[in-house]
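These notes are about the structure you will find just below.
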Amino acid sequence: MLVMVYGTLMMGFENHKVIKESMFISKAKTRGKLYHLPYGYPAIIEGDGWVKGEVYQVDETTLRALDLLEDYTYGAADNEYNRVMVQALLDSDTVSDVFIYMYANVSKVATVGIPISNGDWALFVEKNSFR
């Protein structure tokens with residue numbers, strides 16, 4: 001399965017350890033609107049902008065670990081994130097279906113989050129000294 005990550009799971013960030021054994025496929029981008037949350041991690045919701053990230057090939061064990069980290073349970077109403085299939089544009093200019101974790105509470109993220117207009121959380125964190 002392909003998973004696109006856009007925050008603390010990317011290379012160089014604290015949660016990358018969860019997917020470090022997975023095969024890196026490509027840098028990529030997908031449609032959405034990105035926010036930095038006051039809890040120290042990002043959230044993506046539906047939108048027309050581009051969100052930048054990394055795509056990995058993961059196995060079932062890693063996918064379950066990601067679900068746990070992202071507070072996602074299939075069919076649950078109180079998920080922090082929902083795992084959804086989206087299309088991502090890879091660096092090779094090919095489009096691929098990937099799983100991504102979208103923030104479940106859209107009204108909350110729009111209220112407490114800081115919009116990241118360029119869709120690049122890593123750059124936002126670097127420029128704003130959040131690390």
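The values are calculated or read from the model by the stated rules, or taken from the named source; none is laboratory data. Quick caveat, the model's predicted, so the values are computed rather than measured. So basically every Cβ, Gly included, is an ideal-geometry build from the backbone, and we count neighbours across all protein chains shown.
With the checklist (1) at pLDDT below 95; (2) assigned to a helix (DSSP H, G or I) in hand, flag the one item Arg64 doesn't pass.
(1)
Being within 21 Å of Val112 (Cβ to Cβ) and hydroxyl-bearing (Ser, Thr, Tyr) is the filter; apply it to segment 1-51 and report the residue that is surrounded by the most Cβ atoms within 10 Å (Cβ to Cβ).
Here the answer is Tyr6.
So which of Asp78, Asp93 ends up being on the phi > 0 side of the Ramachandran plot, exposed (fewer than 13 other Cβ atoms within 10 Å of the Cβ) and at pLDDT below 95?
Of Asp78, Asp93, the one residue that is on the phi > 0 side of the Ramachandran plot, exposed (fewer than 13 other Cβ atoms within 10 Å of the Cβ) and at pLDDT below 95 is Asp93.
Six or more apart or on different chains, Cβ atoms under 9 Å: show the pairs whose first residue is in segment 64-85 and farther than 12 Å from Ile19 by Cβ and β-branched (Val, Ile, Thr) and whose second is at pLDDT 95 or above and outside any helix (DSSP H, G or I).
Within 9 Å, the pairs are Thr73/Asn79; Val84/Phe99; Val84/Ile100; Val84/Tyr101; Val84/Met102.
What is the number of the single condition among (1) surrounded by 15 or more Cβ atoms within 10 Å (Cβ to Cβ); (2) under 29 Å from Ser129 (Cβ atoms); (3) among the β-branched types (Val, Ile, Thr) that Thr111 does not meet?
Every listed condition holds for Thr111 apart from (1).
Quick one: count up the residues across segment 52-61 that are surrounded by 13 or more Cβ atoms within 10 Å (Cβ to Cβ) and either hydrophobic (A, V, I, L, M, F, W, C) or not in a strand (DSSP E or B) (or both).
Looking only at that region, the number is 2.
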